[in-house]
């Protein structure tokens, strides 16, 4: 009889292996693939988990993240929406992720709607107000963007990026002095933030100080050499000053 003991135990283990356990193993594999930027593999594993447990909201949310990271915003939005409509209408991760996907897809009003729902849950979240600022700025509602970024900074006084973004919104409203004030304040908090110097370069161009603009863009690129926006700004400046060797 002893020789049949192991097969019997294996049979018992397999028979007790629940659908949630099986789905969980695919979920873990999906997370590993996602962390390694293997988005197609991650999507496949999460889909396997969902085939077993269709309302596995964490798998649906993470599949949305994989779609988002792969630039497939519509599919990401569908996954997040399925959670919010069919499973858990208040699921904060899905609301936050769908807001980001709407932003990336240029649907700013919809992003703001999700952020309003998040704000009801987390009224003191600097992240929510910061992201609202981005949506307002992209919608060209610059004063509302400033208000949101300044609220984010009020909630997190170490967030130099909130000040930089507020400065960008002031710059878009041609309020140059206020923009410079905020950039200097941001520099006092985190002098390693390259967008401070990129924005200073844009302001210097606006006021006609092209040599100074060139210095600022170079400083931004020294900190973040691969940033395409900084390269584009410096390239445009080089064309303006007829510095074709560097354009």
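Read-outs: derived from the displayed coordinates by stated rules, not from any lab. Note that this is a predicted model, so its numbers are computed, not measured. Every residue, glycine among them, receives a Cβ derived from its backbone with ideal geometry; neighbour counts consider all protein chains shown.
Judged by the ratio a/c of the largest to the smallest principal axis of the C-alpha gyration tensor, segment 18-95 counts as oblate, that ratio being 1.5 or greater while a/b is no larger than b/c. What separates the Cα centres of segment 63-113 and segment 209-241 is a distance of 34 Å. Using a cutoff of 8 angstrom between alpha carbon atoms and counting only pairs six or more residues apart, the relative contact order for the chain works out to 8 percent. For the chain, the longest principal axis of the C-alpha atoms and the axis of helix 108-121 are separated by about 70°. Tell me, what is the FRET efficiency for residue 215 and residue 138 to the nearest 0.05, using R0 = 25 angstrom and their Cβ-Cβ distance as r? E(calc), rounded to 0.05, equals 0.30.
Summary value for segment 18-95: 23 percent relative contact order, contacts being C-alpha pairs under 8 angstrom separated by 6+ residues.
For segment 192-247, what class follows from the C-alpha gyration tensor (a ≥ b ≥ c being the square roots of its eigenvalues): rounded when a/c is under 1.5, otherwise prolate if a/b is larger than b/c, else oblate? It comes out oblate by the Cα gyration axes.
Each label was represented as a point 7 Å from its Cα along the Cα-to-Cβ direction; for residue 93 and residue 154 these points are 3.1 nm apart. Modelled this way, with points 7 Å down the Cα-to-C-beta line, the labels at residue 22 and residue 227 are 5.0 nm from one another. Remark: the residue 104-residue 190 segment gains 28.3 nm on full extension, using 0.36 nm per residue and subtracting the alpha carbon distance. Seen against the Cα atoms of the chain and their longest principal axis, helix 126-138 is set at about 60 degrees. The simple Förster model, with R0 at 41 Å and r as the Cβ-Cβ distance, assigns residue 44 and residue 239 a FRET efficiency of 0.35. Against the longest principal axis of the chain, how steep is helix 176-189, in degrees 0 to 90 to the nearest 10, with axes from Cα atoms? Helix 176-189 sits roughly 50 degrees off the main axis of the chain. Let me know the shape class of the chain, please: from the alpha-carbon gyration tensor, a ≥ b ≥ c as square roots of the eigenvalues, rounded when a/c is under 1.5, otherwise prolate if a/b is greater than b/c, or oblate. Since a/c reaches 1.5 and a/b is larger than b/c, the shape of the chain is classed as prolate.
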